[in-house]
Amino acid sequence: MIVVAIVSAKGGVGKSTIAANLAVALSRHARTVLAVDLDPQNALHLHLGGTPQDIGGLSRASVAGTAWSDACTRAASGVRVLPFGQINETDLPTLERRIADDPHWLATQLHSLNLPDDAVVILDTPPGVSNTLRQVLAAADLVISVVLADAASYATLPQIDNLIRRHHRARPGSVEPVCIVNQVDVASRLSREALQLIEGVLGQRVLGRVRADRAVSEALAHGQTVVESSQDSAGHQDLMECADRVLQLLPSRRPQAEQQAEPQAQTTQERQEPQTPTTVVLGDEDRRPDRQTAQRSRKAGVYRLMAVLLFAVLVLLIVLWIRTR
Ligand SMILES: Nc1ncnc2c1ncn2[C@@H]1O[C@H](COP(=O)(O)OP(=O)(O)O)[C@@H](O)[C@H]1O
Ligand SMILES: [Mg+2]
């Protein structure tokens, strides 16, 4: 399973739109794709053809302790969808407490789905900083932030970049976080300049840009993604290009066994030293230099011992040689 997270500092920038379109586009490459909505606003399943009446989802399953797999549905496009679902006011704090108390809540739930190694899980997230977002960043193999081509989004770049760098664990096979600039208005000089500024800061990390296109919101009104409809629209072309680039970036499959080992490894660290959510994620990185130093000093000890033994043998040979003369 390969986990792709769609994140942003602000709401309304097009995260759910991009998550849904990438999910449909990637599912055309014969991949099992599961789109997971972690945002209580529940927009993702609407993009994928669900109706507002659908009330099941991961929130209720998590509170009731039932399997996430039972709450999955399948969209007409073939994408599997796990909506956040509707949850009452007493259950929401219970769910939030559960997420806050268990730093591995998301990783454990995703693992319990037993998806094929090359399945792609796309996580749509609520905007801003939250315990959910921290877990998303820790679980993701590829993080895609979405920004608008405007001055306000440009100003939030360092904020979201720092957050990603603090919580996204670089693990073998994972790739640099990337960014999609959405709703670029090619007719507006301001929008074009904002895009240039963002490209100036992020360089190669701008995965692509998606033009502002009415076809995108029209598709949503029909419960579809623009990738499924309006083939010659700008939105369709841009989102297909982004999907192709995501496909090139996707880390090779991560065996389930490796993923299963991760929460355990973190738990062990936490037992050694109580940590805040921030240091849970940073722990691995932080300890790496210590482990290297310990290995180096062990090697140096072995070399010292060998040198002493060689010296002793040499002295013995010299003494024997003197005696025999
Ligand atoms: N490239 C685009 N062109 C036109 N409208 C867009 C584009 N991207 C998103 N939208 C519209 O913007 C609104 C917010 O998008 P949404 O994906 O729900 O944002 P978020 O998930 O970040 O809150 C939706 O009405 C969507 O149709
Ligand atoms: Mg959304």
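The values are calculated or read from the model by the stated rules, or taken from the named source; none is laboratory data. Only a predicted model underlies this, so the values are computations on that prediction, with no experimental measurement involved. For neighbour counting, all protein chains shown are included, and Cβ atoms are generated from backbone atoms with ideal geometry for every residue, glycine included. The area values use the complete protein model at the heavy-atom level, side chains included, leaving out ligands, DNA and RNA. Shrake-Rupley method; radii C 1.70, N 1.55, O 1.52, S 1.80 Å.
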Output yes when any residue across the stretch 47-54 is buried (at least 18 other Cβ atoms within 10 Å of the Cβ) and among the polar types (S, T, N, Q), and no when none is. no
Mind checking which residues of the stretch 110-142 are surrounded by 20 or more Cβ atoms within 10 Å (Cβ to Cβ) and either within 16 Å of ligand 2 (Cβ to nearest atom) or more than 23 Å from P251 (Cα to Cα) (or both)? I122, L123, D124, T125, T132, L133, V136
Inside the stretch 30-45, can you point out the residues that are within 14 Å of ligand 1 (Cβ to nearest atom) and open to solvent by less than 60 Å² (accessible area, probe 1.4 Å)? A35, V36, D37, L38, D39, N42, A43, L44, H45
Scan the stretch 11-19 and give yes if some residue there is in contact with a Gly (Cβ under 7 Å, 6 or more places away or on another chain) and either touching a residue at least 24 places away in the same chain (Cβ under 8 Å) or within 16 Å of ligand 2 (Cβ to nearest atom) (or both), otherwise no. no
Restricting the search to the stretch 5-25, which residues are crowded, with 24+ Cβ neighbours inside 10 Å and either more than 9 Å from ligand 1 (Cβ to nearest atom) or of a type in the set (S, T, N, Q) (or both)? A5, V7, S8, S16, T17, N21, L22, A23, V24, A25
Take P274 and tell me if it is modelled with pLDDT under 50 and open to solvent by 90 Å² or more (accessible area, probe 1.4 Å). yes
Please count how many residues of the stretch 151-195 are open to solvent by 50 Å² or more (accessible area, probe 1.4 Å) and without any contact (Cβ under 8 Å) to a residue 60 or more places away in the chain. 15
Looking at E218 and the list (1) out of contact with any helix residue (DSSP H, G or I) (no Cβ under 9 Å at 6 or more places or on another chain); (2) more than 21 Å from A234 (Cα to Cα), which single condition is not satisfied? (2)
Members of the stretch 303-321 that are over 53 Å from the mean Cα position of the chain (by Cα) and not small (G, A, S): L310, F311, V313, L314, V315, L316, L317, I318, V319, L320, W321
Of the residues in the stretch 90-147, how many are over 17 Å from T32 (Cβ atoms) and of a type in the set (A, V, I, L, M, F, W, C)? 18
Among the residues listed as A149, A107, A155, the single one being touching a helix residue (DSSP H, G or I) at 6+ places or on another chain (Cβ under 9 Å) and more than 16 Å from ligand 1 (Cβ to nearest atom): A107
Selection from the stretch 1-37 of residues that are within 13 Å of the chain's Cα centre (by Cα) and assigned to a helix (DSSP H, G or I): A19
Out of (1) within 16 Å of ligand 2 (Cβ to nearest atom); (2) farther than 20 Å from S217 by Cα; (3) in a loop (DSSP other than H, G, I, E, B); (4) of a type outside the set (A, V, I, L, M), the odd one out for G50 is which? (2)
